[in-house]
Amino acid sequence: MRVTREKFAENREKILTAASVLFRENGFDGVGVADIMKAAGLTHGGFYGHFESKDDLALEVSRKLIERVEERWRELIVGHPDVRFRRCSIITSIGARSTIPVEAASLRR
């Protein structure tokens with residue numbers, strides 16, 4: 001049965017969310033694809049339409065987590081009341097290169 005692009009994206013997010021929770025609770029080796037798909041409310045066979053392997057899924061879960069953490073740091077830094085804190089920046093490498101402002105003095109400690 002074919003699903004719409006929207007439904008496909010929704011199902012993929014369900015898988016990512018379920019995997020994120022289960023990996024955190026049980027560790028990568030403590031969770032199987034069947035467990036993840038059951039938690040997502042989807043069939044085991046549907047997994048491979050979204051991911052090549054459990055390793056591929058874990059990589060995507062990790063990328064999403066890094067994106068959320070990076071976004072949270074940006075929010076905290078941009079909202080910092082000290083302009084000097086916001087002006088300084090450091091290049092970080094997490095998958096792709098991005099600039100995250102940091103306080104220069106904190107790098108010397």
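Where a number appears in this text, it was derived from the coordinates with a stated rule and is not lab data. Because the structure is a prediction, the values reported are computed rather than measured. Positions of Cβ are generated from backbone atoms using ideal geometry, with glycine treated the same way; all protein chains shown enter the neighbour counts.
Annotations for the structure displayed:
- Among the trypsin sites (Lys or Arg not before Pro) found in the range 1-71, those both in a DSSP coil and sparsely packed, with 15 or fewer other Cβ atoms within 10 Å of their Cβ, are ARG2.
- Couplings for the range 44-53, taken from phi via the Karplus curve 6.51 cos²θ - 1.76 cosθ + 1.60 with θ = phi - 60°, read 4, x, x, 4, 6, x, 10, 9, 6, 7 Hz in order; Gly and Pro are left as x.
- Order of SER53, SER62, SER20 under a 10 Å beta carbon neighbour criterion, fewest first: SER53, SER62, SER20
- If R0 equals 25 Å, the separation of the Cβ atoms of GLU6 and ARG63 corresponds to a calculated FRET efficiency of about 0.70.
- Using θ = phi - 60° and Karplus 6.51 cos²θ - 1.76 cosθ + 1.60, couplings along the range 60-71 (whole Hz; Gly, Pro as x): 5, 4, 5, 4, 4, 5, 4, 4, 5, 5, 4, 5
- Global form of the range 9-86, assessed from the alpha-carbon gyration tensor, a/c cut-off 1.5: prolate
- Full extension of the chain between GLU52 and GLU25 yields a length gain of 7.4 nm, computed as 0.36 nm times the residue separation minus the alpha carbon distance.
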